[in-house]
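Only one structure is covered here, and it is reproduced in the block below.
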Amino acid sequence: MKTQIKLLVLLAVMLISPVLQGQEIYKTVPAQSKVIIKGTSTLHDWQMDARSFKSEMVWDGSEKADLRISNVSFVCKPSDIRSEHKLMDNKAHEALKVKQFSEIKFHQSDVKIDPSPGSSFKGRLIGKLEIAGVSRNIELPFTGEIKSKETVSVSGSFKMKMSDFGITPPTAMMGTIKTGDEITLEYLFLMQSEKTLTTSK
């Protein structure tokens, strides 16, 4: 009986190992990654930047024809989203309820990858985005490029409405300046394998 159990365990390991081979955790390189939020108002267009954030994914790019992306996650403190204007920051942080909800989070549930030539790839991430305590399922388009075995770049943009997350668009000057409900999130991530990042420290 024990011998049979050992054989079953060995067989399971042999079947799983080819799947795991090539899979690695990739993380953002902070200095070469960015997240920008753009919007409009009755006075002028505006922009804010996420000054600090983390994103990672499990990546298997060993075979371009059978590319696998899984466990994509993103986390950012809303208090780290800032502009060049303190008044705007205060209004945005109030709208994002930073004192109640300390994180903006995304976690992938599925991915759709489209055929693409050469070292490039593109598709859509399906997952749950949580802002100010409200979660919504979204589809996040992306394009990417395999720069080397250890380095991948991913970028994209996504339009959303603040009201979908229970956020009231900020106003200023006694309501005479109003922010538009729709915003555009743009991102560019340079991602490296965890092993490479650990070695370079």
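We did not get these values from a lab; they are worked out from the coordinates using the rules stated. Remember, predicted model here, so these are calculated numbers, not experimental data.
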Listed residues ARG136, ARG51, ARG68; largest mean-square fluctuation, Gaussian network over the chain with Cα springs below 10 Å, found at ARG136
Over all pairs of different Cα atoms in the stretch 61-201, the reciprocal of the mean inverse distance gives a Kirkwood radius in Å of 17.2 Å
Note to self: Kirkwood Rh of the stretch 50-98, Cα pairs, one decimal, Å, is 13.2 Å
Straight-line reach check, LYS147, cutoff 20 Å on alpha carbons, 8 or more apart in-chain or any other chain, hits among aspartates and glutamates -> GLU24, GLU56, ASP60, GLU63, ASP66, ASP114, GLU194
Percent relative contact order for the chain, counting Cα pairs under 8 Å at least six residues apart, stands at 22 percent
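Could you grab the relative contact order for the stretch 59-155? Cα pairs under 8 Å, six or more apart, rounded to a whole percent.
Numbers: 158 pairs, mean separation 19.9, N = 97.
Contact order relative to length: 21 percent.
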